[in-house]
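Data first, discussion second: the structure below is written as structure tokens.
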Amino acid sequence: MRLHSSYTSPYVRKVKIFLMETGLMDSVEEVYTNPAEEVVLRPLNPLGKIPALEVRDGSALYDSTVICGYLDTLHRGPRRIPEEGPERWRVLRTESLADGLADAANLRRNEALREPRSLISREFIDRQDLAISHALLALDGVAASWHAEAAVGHDQIATAAALGYIAFRYEELAWRGHCPVLADWFGRFVAGDSFRLTMPRNPPGRPVPPAQSVPPKWCVVS
Ligand SMILES: N[C@@H](CCC(=O)N[C@@H](CS)C(=O)NCC(=O)O)C(=O)O
């Protein structure tokens, strides 16, 4: 299988952490594909987005949720996405929450980098900051149910990928004091191979992106 990926995408990282946690990494060849390369990516994913996973019959799976669901059928260990029951929906809901956190971080970054700066919408950015803070608080509540001795579930994998993206793009966002349970769990997760060996980095040969003109801020409406 071939995984079309990038150096920084949190959704690609979610798939890579999943591959490592389930021992499937060796069954996948990683290909760095710039989404702007229309000829390569568009025939695989009409949306032109990574990750896209080319499978053995030549077709491709997207997006990261579908890819991880497929990968969960290929390994012999415990299912990372429960097949049925309330736990299935809890895990999938947490994945949506974590993906939404990454979405909000990505959207506010693109907005903050908009040129000319007069076009930047503070209202839009504030709304994403609100989503980021509230998502982190909600994940803090969920993390209380994660037990170190159980196999790492897909909810944890998605959360690790999103928090990794926040750490990569918004190191200065002081969320840990507000979310102590999540911070404690993340502090342990970052020490594992699946996190350490999938770190994002700026693409080689491309200019390092400019610093954010509008720094993220913690904001919770009570
Ligand atoms: N919901 C999708 C999101 C994928 C996504 O937004 N990928 C971004 C990179 S982080 C992308 O390929 N963007 C290129 C584009 O939209 O042209 C998933 O979970 O896979």
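Test of understanding: given the chain, find the longest segment containing no trypsin sites (Lys or Arg not before Pro) that are in a DSSP loop and have at most 10 other Cβ atoms within 10 Å.
Excluding the exposed sites themselves, the longest stretch runs over 77-200.
For the pair TRP218 and ASN34, how long in nm is the line joining their label points, each one 7 Å along Cα→Cβ?
3.9
If I model a spin label as a point 7 Å beyond the Cα along the Cα-Cβ vector, how far apart are those points for TYR7 and GLU87 in nm?
Label at TYR7, label at GLU87, 4.0 nm between them.
When a footprinting reagent is the concern and you count Cβ atoms within 10 Å, what order do ASP155, ASP129 take, fewest first?
Lowest count first: ASP129, ASP155.
Out of all DSSP beta bridges in the chain, what portion is antiparallel? Express it as a percent rounded to 5.
55
Can you tell me, using C-alpha contacts under 8 Å and at least 6 residues apart, the relative contact order of the chain as a whole percent?
Computed value for the chain: 25 percent relative contact order.
Please work out how much length the chain gains when fully extended from GLU149 to ALA191, using 0.36 nm per residue of separation minus the C-alpha to C-alpha distance, in nm with one decimal.
Once the chain is fully extended between GLU149 and ALA191, it gains 13.6 nm.
Among CYS219, CYS68, what is the fewest-to-most ranking by other Cβ atoms within 10 Å?
Ordered from fewest to most neighbouring Cβ atoms within 10 Å, CYS219, CYS68 come out as CYS219, CYS68.
Take the alpha carbon gyration tensor of the stretch 33-104, find the square roots of its eigenvalues, order them as a ≥ b ≥ c, and report rounded if a/c is under 1.5; if not, report prolate when a/b exceeds b/c, else oblate.
oblate
With contacts defined as alpha carbon pairs under 8 Å and 6 or more residues apart, what's the relative contact order of the stretch 86-193 in percent?
Relative contact order of the stretch 86-193: 36 percent.
Would you please state the base-10 log of I(q)/I(0) at q = 0.17 1/Å for the chain, with intensities from the Debye formula using one equal scatterer on every alpha carbon?
The Debye formula, applied to the Cα set alone, gives -1.31.
Shape of the stretch 86-193 from its Cα gyration tensor (a ≥ b ≥ c, root eigenvalues): rounded if a/c is under 1.5, otherwise prolate when a/b > b/c, or oblate?
prolate
Every number in this text was worked out from the coordinates using simple rules, so none of it is lab data. Note that the coordinates shown come from a computational prediction; the quantities given were computed from them, not determined experimentally. Backbone-built Cβ (ideal geometry, glycine too); neighbour counts: all protein chains shown.
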